[in-house]
1. In nm, to one decimal, how far is the B:Ile179 label point from the B:Ser32 one, both placed 7 Å along Cα→Cβ?
2. Roughly how many debye, to the nearest 20, is the charge dipole of the stretch B:1-97 about its Cα centre, given +1 on each Lys and Arg Cβ, -1 on each Asp and Glu Cβ, and no other charges?
3. Distance cut-off 22 Å, Cα to Cα: go down the list B:Lys31/B:Lys187; B:Lys133/B:Lys184; A:Lys52/B:Lys29; B:Lys58/B:Lys133 and report the pairs above it.
4. What length, rounded to one decimal in nm, is gained on full extension from B:Val6 through to B:Gln186, with 0.36 nm per residue of separation minus their alpha-carbon distance?
5. P(r) for chain A, please, calculated from all Cα pair distances in 5 Å bins and given in %.
6. For B:Asp126 and B:Asp19, calculate 0.36 nm times their separation in residues minus their Cα-Cα distance, and state this gained length in nm to one decimal.
7. Rank these residues by their accessible area, most exposed first, probe 1.4 Å: A:Thr4, B:Thr47.
8. Of the options B:Thr36, B:Tyr68, B:His89, report the single residue whose Cα projects farthest towards the positive end of the charge dipole of the stretch B:1-97 (beta-carbon charges: Lys, Arg +1; Asp, Glu -1).
Amino acid sequence: MTQTFTENDLLRYAYGETSSTENVEIEKSLLCDDLLQETYNQLVATLAELDKCAIKPSDSVVQRILDYSKSSNLPSVLK
Amino acid sequence: MIRKEVSDSQLVSLYMKGDEEAFAQLVEKHKSRVFTTIYLIVKDQYTAEDLMQDSFIKAVNTIKSGRYNEEGKFLPWLLRIAHNLAIDHFRKAKRYPTIVMEDGSNVFNTLEFSEDSIESLQIKKDTHALLRKLIQELPESQKEVLIMRHYMQMSFQEIADATDVSINTALGRMRYALINLRKKMQKTNIAYDPNFYRK
């Protein structure tokens, strides 16, 4: 008999927080439960969208950070 | 000089010995994650850049003064600094509210940098900008968990500990955040095809 998994379990699985034993069971359930598979697909699709909306700061702020580090008078620790 | 993929811990060690190139690599590697985390909280690109700069400056000062002791965990440490600064700013801004425009930028930035209001100009055509706006509109508790899990890479247990709730509450908030986002995406016609991601 396959175990019933909740959406919370799927979330933990999608983020790699489930144990290897849970992984085997979840993967088994995904293969034979269309509804669970559909829920998981939606979850993964939404997470993929979140990945894509990461943004980069301007080059100027990055340069200011690097300049600050170079000009910092604090002594390097392990010289 | 060509360097192979070096771990954060190795880069920090090199930086402690005065290797500025190692620090440049750390910044390049993590700038997007730090900036996105802050931006989603403060909702303004200029403020986010200022806070990102402050975060890295704090990191530089801590490392160069020999007070850094989180070897191997540079990114979570840096993200905690960034998150704390962003939350502090957010709380202060709440106490002294600024006038927020329709696109989420504050009126000061709109007046000062009207020609540069890239986010507002692109928002209609840029679905990712729109998605960022939808994330910012989530209820605070849901947005907090989403940022901590997805962008700060904290585990659900770490989030539960940090926000003083049970792991099931943290998971529930994340689940509702994603459900809300999906609904809002459908309402605003952000098209994504779940079939595309099928294995």
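1. Calculated label separation equals 3.1 nm.
2. With only Lys, Arg, Asp and Glu charged at Cβ, the dipole is about 400 debye.
3. B:Lys31/B:Lys187; B:Lys58/B:Lys133
4. The B:Val6-B:Gln186 span can extend by a further 60.7 nm.
5. 3, 12, 17, 13, 9, 6, 6, 7, 9, 9, 6, 4, 1, 0
6. 34.6 nm
7. Most to least solvent-accessible, the answer reads A:Thr4, B:Thr47.
8. B:His89
The values are calculated or read from the model by the stated rules, or taken from the named source; none is laboratory data. What you see is a predicted model; the values in this text were computed from it and never measured. Counting neighbours? That spans all protein chains shown, and the Cβs are built from the backbone with ideal geometry, glycine included. Surface areas here come from the heavy atoms of the whole protein model, side chains and all, with no ligands, DNA or RNA. Shrake-Rupley method; radii C 1.70, N 1.55, O 1.52, S 1.80 Å.
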